[in-house]
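Structure record follows, encoded as structure tokens.
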């Protein structure tokens with residue numbers, strides 16, 4: 001195993017990283033629901049993997065609760081009904097970070113599942129620890145090409161010259177807009193930071209010392225500042241991965257200065273860290289905020305809840321359009337004793353029309369194969385609900401500059417910087433300089 005990968009697996013386990021609603025590590029909408037009992041999720045890597053009746057049991061861990069969890073349960077049921085010799089047991093293990101912690105424990109105790117969902121920013125950490133199976137031979141054996149997948153979603157699939165994961169419930173942040181409120185003010189949907197600032201300020205309603213309506217909001221997450229860093233021509237990590245690439249060039253100060261200016265006028269409501277995603281979604285539905293940075297994975301729930309003209313749009317640009325991707329990939333554990341059955345589940349989920357396609361249509365996550373994009377069902381959905389196509393179109397501007405095995409630990413420090421600036425109004429330059437020093441220390445280990 002790579003020493004740094006093993007070290008970071010241990011460090012992340014000890015840290016117990018705190019996540020925002022969007023998965024904390026940069027996106028996705030993991031949902032909520034009853035937590036899975038890891039003690040009841042028996043390892044598929046044990047010798048008695050074959051269930052009664054001659055079926056091979058495949059254990060699958062995921063991070064989807066709520067409605068998305070129901071959609072995943074339905075996918076698993078469809079697979080089981082179409083396969084006489086394999087039974088997939090799906091177990092919800094909590095949010096993305098909780099799933100990672102449990103997976104670390106399971107790998108260490110040789111009780112890991114056969115297949116797991118991994119938030120895309122964590123894939124490299126497990127890949128460097130050499131605990132993920134190379135899927136390239138399985139792909140070739142099934143007559144599937146990597147070119148069959150959506151290009152903008154494959155950035156977290158290849159590490160160390162191996163294909164260690166494939167996209168599953170993937171998302172991007174987009175702009176969600178109460179167009180009814182914008183129309184009342186004679187405003188257009190903003191496409192630039194300047195237009196966003198003007199629209200957000202115009203939507204503010206203040207009575208006395210109380211804000212009745214804010215212009216813009218976003219969940220507490222690293223995802224959105226990283227998007228804004230990229231929109232300003234900056235990088236999160238520098239190209240050598242020896243430091244962060246947005247502090248010394250002034251990009252970080254520009255991003256957080258912009259956010260603090262909006263926060264100061266009531267144009268931006270920045271929510272508390274706990275349950276931030278649900279808080280901002282509720283405010284948007286209730287008309288207490290006019291615009292929101294949020295995951296594409298929220299479209300389905302919002303569409304069925306709002307009573308106003310609701311549209312989505314690209315994240316507004318500063319110097320350029322740019323957006324990170326988020327959500328999770330699917331991976332096979334190298335220690336699985338049921339690799340052929342595990343691959344059949346992955347293959348079916350990724351490519352069968354009754355597999356992932358139905359899940360994507362239901363949930364609002366991004367179509368991850370070209371076949372999905374070209375399917376009659378997807379075209380019909382996009383024609384009926386154009387809001388859902390926005391995130392796919394925005395993939396042309398997808399960029400992920402926080403890719404490094406050290407990201408989980410650096411993320412912890414970045415959250416501390418965000419809290420200091422957005423909650424405690426600490427000096428932006430000094431806070432970012434402290435963060436930079438901590439990031440460089442971590443990257444040098």
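Bear in mind these aren't lab numbers, they're just calculated from the coordinates by the rules spelled out. Remember, predicted model here, so these are calculated numbers, not experimental data. Counting neighbours? That spans all protein chains shown, and the Cβs are built from the backbone with ideal geometry, glycine included.
Assorted remarks:
- Likely footprinting exposure, 265, 57, fewest C-beta neighbours within 10 Å first: 265, 57
- Relative packing of 165-176, 351-362, which averages over residues the other C-beta atoms within 10 Å, highest first: 165-176, 351-362
- Sorted by Cβ neighbour density within 10 Å, fewest at the top, the residues 298, 63: 298, 63
- Projecting the alpha carbon convex hull of segment 191-294 along each direction and taking the average yields 7.3 nm².
- C-alpha long axis of helix 428-444 to longest principal axis of the chain, angle in °: 20 degrees
- Degrees between helix 96-108 axis and first principal axis of the chain (Cα, 0 to 90, nearest 10): 30 degrees
- Computed from the C-beta positions of residue 162 and residue 278 and an R0 of 30 Å, the FRET efficiency is 0.20 to the nearest 0.05.
- Residue-normalised convex hull volume from the C-alpha trace of segment 281-412: 164 Å³ per residue.
- Spin-label model distance (nm) - residue 201 vs residue 134, 7 Å beyond Cα toward Cβ: 5.7 nm
- Listed from fewest to most Cβ neighbours within 10 Å, the set 373, 107, 58, 100 follows the order 373, 107, 100, 58.
- For the chain, DSSP calls about 65 percent of its internal beta bridges antiparallel.
- Stretchable slack from residue 383 to residue 309, in nm (0.36 nm times residue separation minus alpha-carbon distance): 25.0 nm
- Value of Rg to Rh for the chain (Rh from inverse mean 1/r over Cα pairs, i.e. Kirkwood): 0.97
- Oblate is the label for segment 93-175, because a/c, from the alpha-carbon gyration tensor with a ≥ b ≥ c as root eigenvalues, is 1.5 or above and a/b does not exceed b/c.
- Taking every alpha-carbon pair in segment 217-359 and binning the separations at 10 Å intervals from zero gives 10, 28, 28, 22, 11, 1 percent.
- Based on the reciprocal of the average 1/r between different C-alpha atoms, the Kirkwood radius for segment 63-127 equals 13.0 Å.
- On Cα atoms only, tilt of 3-15 relative to the major axis of the chain in degrees: 60 degrees
- Share of Cα-Cα pairs in segment 244-322 lying beyond 17 Å, as whole percent: 58 percent
- Entry note, the chain: relative contact order of 25 percent, from Cα contacts under 8 Å with a spacing of 6+ residues.
- A Förster radius of 35 Å, combined with the Cβ-Cβ distance separating residue 188 from residue 243, puts the computed FRET efficiency at roughly 0.35.
- Pairwise label distance in nanometres, residue 74 with residue 429, each label 7 Å out on the Cα-Cβ vector: 5.5 nm
- Sorted from longest to shortest, the spans of the Cα atoms of segment 149-225 along the three principal axes equal 59, 26, 21 Å.
- Of 245, 301, 152, the one that fluctuates the most in a GNM where the chain has Cα springs shorter than 10 Å: 301
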